[in-house]
Amino acid sequence: MGKLICISIVIAALAALLGERIVNFRKLSLASNELVQNHLPNCVLLKNIDDGAEDITILGNGRAFISSGLKYPGLPYSDVPGKIFTLDLQDSRKTSGVRMPRNFDLESFNPHGISVYVDQSDDAVYLFVVNHPHHKSQVELFRFMEDDLSLVHLKTIKHDLLHSVNDIVAVGAESFYATNDHYFSQKLLKAYVEPLLGLSWSNVVFYSPEEVKVVSEGYHFANGINISPDKKHVYVVNLFAHNVRVLDRKEDNSLVPVKSVDLGSLCDNVEVDPETGDLWFGCHPNGMKLLMFDSKDPAGSEVIRVQNVHSEQPLVTQVYADNGEVIIGSSVAAVYGGKLLIGTVFHKGLYCEL
């Protein structure tokens, strides 16, 4: 009888703990958040984008790159292999598929975060793509050929420290910073244990052919990452903490925390306006709707802009909001010359004129 009582007490305690963790996760996921529509007047859906535009990056000449077709565990996705799209924002709104190299495994291509590096010595354009073939984690390095809109595959980068890469920002022809969105690699631990326990164990890694090291830790799902126009600061989205961290970049490529800026939403990728230094985020206003996807009550989309991020009082503004009627699950917002591109994890892409 005494053993049964002890077992009952243990079960009750575990149930109470699980209940408390679920309540806490719902709070972190902004499960009670209700979105108010805030549309821009001049927006059209991007053509050819049907399986998401998870990340978008734009060159100084207006050439945009888009990763599409992400298959992320727990979220909807199609069976179509991933693709890279491009469009010239100085010329057209029409997206075109980039011609992929023949020596590359297209069937398992599962692109996530992307970044571009332009070599100032010869104007060569290098495209870095986070890839999850068979749900593994690696980085593909391509060279972009403008003449025929094609990619040449240069190398695949794998490392034990790059075990759960989400996003990437290139700082050289073969070097980058990358975020690991989870601490664990095992599926069950990643999907359930880590989020329910609220562990802030994910990190940022610096990679170069000469050195690989963890440069920043303590994130509750490290997500988007980018760099300031002067290359002196790095910005990292701390998803479930609802903020972005500002870090100083040192000569040895280590990162020193400066501050964090509250965003009030579950922000995904971060892009930087090269002219103003403003930060632009594609965000998930209600993460529970994204995780528990219901086509009758879809996840909304939100674009947030941060101006004067290095000042004592940065200005945080909601630029766009949609309840899922237009686009579902916004993951990125990138600007160029008064134009705004909004991407999603698995849905459409939107072109707006600001």
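The values are calculated or read from the model by the stated rules, or taken from the named source; none is laboratory data. Since the structure is predicted, the reported quantities are computational estimates derived from the model, not experimental observations. Glycine gets a Cβ as well: all are built from the backbone with ideal geometry, and neighbour counts include every protein chain shown. Each accessible area value is taken on the protein alone, full model and side chains, heavy atoms only, with ligands, DNA and RNA left out. Shrake-Rupley method; radii C 1.70, N 1.55, O 1.52, S 1.80 Å.
Only one of these conditions is not met by Pro111: (1) of a type outside the set (Phe, Trp, Tyr); (2) within 25 Å of Tyr177 (Cβ to Cβ); (3) surrounded by fewer than 20 Cβ atoms within 10 Å (Cβ to Cβ); (4) out of contact with any Pro (no Cβ under 7 Å at 6 or more places or on another chain). Which number is it?
In the conditions (1) of a type outside the set (Phe, Trp, Tyr); (2) within 25 Å of Tyr177 (Cβ to Cβ); (3) surrounded by fewer than 20 Cβ atoms within 10 Å (Cβ to Cβ); (4) out of contact with any Pro (no Cβ under 7 Å at 6 or more places or on another chain), Pro111 misses (3) alone.
Before we move on, is Lys83 in contact with a Leu (Cβ under 8 Å, 6 or more places away or on another chain), within 30 Å of Gly324 (Cβ to Cβ) and of a type in the set (Lys, Arg)?
Details: in contact with a Leu (Cβ under 8 Å, 6 or more places away or on another chain): no; within 30 Å of Gly324 (Cβ to Cβ): yes; of a type in the set (Lys, Arg): yes.
Considered against the rule, which asks whether it is in contact with a Leu (Cβ under 8 Å, 6 or more places away or on another chain), within 30 Å of Gly324 (Cβ to Cβ) and of a type in the set (Lys, Arg), Lys83 comes out as no.
Could you please find all residues in region 222-241 being under 23 Å from His112 (Cα atoms) and free of Cβ contacts under 8 Å to residues at least 40 places away in the same chain?
Hit for region 222-241 is Asn238, nothing else.
If I go through region 21-52 residue by residue, how many of them are open to solvent by less than 90 Å² (accessible area, probe 1.4 Å), part of a helix (DSSP H, G or I) and either modelled with pLDDT of 90 or more or not polar (S, T, N, Q) (or both)?
The qualifying residues number 4.
Take the residues in region 263-293 that are aliphatic (A, V, I, L, M) and surrounded by fewer than 16 Cβ atoms within 10 Å (Cβ to Cβ), then tell me which one is nearest to Val332 (Cα to Cα).
First pass over region 263-293, keeping only residues aliphatic (A, V, I, L, M): 263, 266, 270, 272, 279, 288, 290-292.
Checking which are surrounded by fewer than 16 Cβ atoms within 10 Å (Cβ to Cβ) leaves us with 291-292.
Numbers: Leu291: 18, Met292: 20 Å.
Here the answer is Leu291.
Just for region 136-156: of the residues that are in contact with a Pro (Cβ under 9 Å, 6 or more places away or on another chain) and of a type in the set (A, V, I, L, M), which one is most open to solvent (accessible area, probe 1.4 Å)? Can you show your working first?
Taking region 136-156 first, the residues in contact with a Pro (Cβ under 9 Å, 6 or more places away or on another chain) are 140, 142, 150-153.
Next, only the ones that are of a type in the set (A, V, I, L, M) stay: 151-152.
Working: Leu151: 6, Val152: 65 Å².
Going through the qualifying residues, I end up with Val152.
If a residue must be open to solvent by less than 40 Å² (accessible area, probe 1.4 Å) and either free of Cβ contacts under 8 Å to residues at least 24 places away in the same chain or among the hydrophobic types (A, V, I, L, M, F, W, C) (or both), how many such residues does region 296-337 contain?
13
Looking only at residues that are in contact with a strand residue (DSSP E or B) (Cβ under 7 Å, 6 or more places away or on another chain) and either surrounded by fewer than 11 Cβ atoms within 10 Å (Cβ to Cβ) or not charged (D, E, K, R) (or both) in region 95-107, which one is farthest from Ala334 (Cα to Cα)? Let's see the steps before the verdict.
We begin by selecting, within region 95-107, every residue in contact with a strand residue (DSSP E or B) (Cβ under 7 Å, 6 or more places away or on another chain); these are 95-101, 103-104.
Subsequent filtering for residues that are either surrounded by fewer than 11 Cβ atoms within 10 Å (Cβ to Cβ) or not charged (D, E, K, R) (or both) retains 95-98, 100-101, 103-104.
Details: Thr95: 15, Ser96: 18, Gly97: 19, Val98: 19, Met100: 24, Pro101: 27, Asn103: 31, Phe104: 28 Å.
Going through the qualifying residues, I end up with Asn103.
If I ask for residues that are among the hydroxyl-bearing types (Ser, Thr, Tyr), under 22 Å from the mean Cα position of the chain (by Cα) and either open to solvent by 40 Å² or more (accessible area, probe 1.4 Å) or under 19 Å from Gly338 (Cβ atoms) (or both), which ones from region 70-94 would you list?
Tyr72, Tyr77
Could you identify the single residue in Val204, Val214 that is at pLDDT 95 or above, surrounded by 14 or more Cβ atoms within 10 Å (Cβ to Cβ) and either in contact with a Lys or Arg (Cβ under 8 Å, 6 or more places away or on another chain) or not in a loop (DSSP other than H, G, I, E, B) (or both)?
Values: Val214 fails: surrounded by 14 or more Cβ atoms within 10 Å (Cβ to Cβ).
The unique qualifying residue is Val204.
Scan region 229-258 residue by residue and report those that are open to solvent by 50 Å² or more (accessible area, probe 1.4 Å) and farther than 14 Å from Val306 by Cα. Even if it seems obvious, please write down each step before you answer.
Quick first cut of region 229-258, residues open to solvent by 50 Å² or more (accessible area, probe 1.4 Å) only: 229-232, 245, 249-252, 256-258.
Of everything in region 229-258, those that are open to solvent by 50 Å² or more (accessible area, probe 1.4 Å) and farther than 14 Å from Val306 by Cα turn out to be Pro229, Asp230, Lys231, Lys232, Arg249, Lys250, Glu251, Asp252, Val256, Pro257, Val258.
Can you confirm whether Tyr219 is touching a residue at least 12 places away in the same chain (Cβ under 8 Å) and either of a type in the set (S, T, N, Q) or buried (at least 22 other Cβ atoms within 10 Å of the Cβ) (or both)? Quick ask: steps written out before the conclusion?
Values: touching a residue at least 12 places away in the same chain (Cβ under 8 Å): yes; either of a type in the set (S, T, N, Q) or buried (at least 22 other Cβ atoms within 10 Å of the Cβ) (or both): yes.
Criteria met by Tyr219.
Given the conditions (1) more than 24 Å from Asn223 (Cα to Cα); (2) at pLDDT below 95, report the number of the one that His135 does not fulfil.
Condition not satisfied by His135: (1).
How many residues, within region 114-125, are open to solvent by 40 Å² or more (accessible area, probe 1.4 Å) and among the aliphatic types (A, V, I, L, M)?
1
Across region 159-184, which residue is modelled with the lowest pLDDT among those that are open to solvent by 40 Å² or more (accessible area, probe 1.4 Å) and closer than 18 Å to Gly218 by Cα? Even if it seems obvious, please write down each step before you answer.
Of region 159-184, the ones open to solvent by 40 Å² or more (accessible area, probe 1.4 Å) are 159-161, 163, 174, 183-184.
Filter again for closer than 18 Å to Gly218 by Cα, leaving 161, 163, 183-184.
Details: Leu161: 98, His163: 96, Tyr183: 90, Phe184: 85.
For region 159-184, the residue satisfying everything is Phe184.
Go through (1) of a type in the set (A, V, I, L, M); (2) within 27 Å of Ile56 (Cβ to Cβ); (3) over 17 Å from the mean Cα position of the chain (by Cα) one by one and return the number of the condition Ile225 breaks.
Among (1) of a type in the set (A, V, I, L, M); (2) within 27 Å of Ile56 (Cβ to Cβ); (3) over 17 Å from the mean Cα position of the chain (by Cα), the lone unmet condition for Ile225 is (3).
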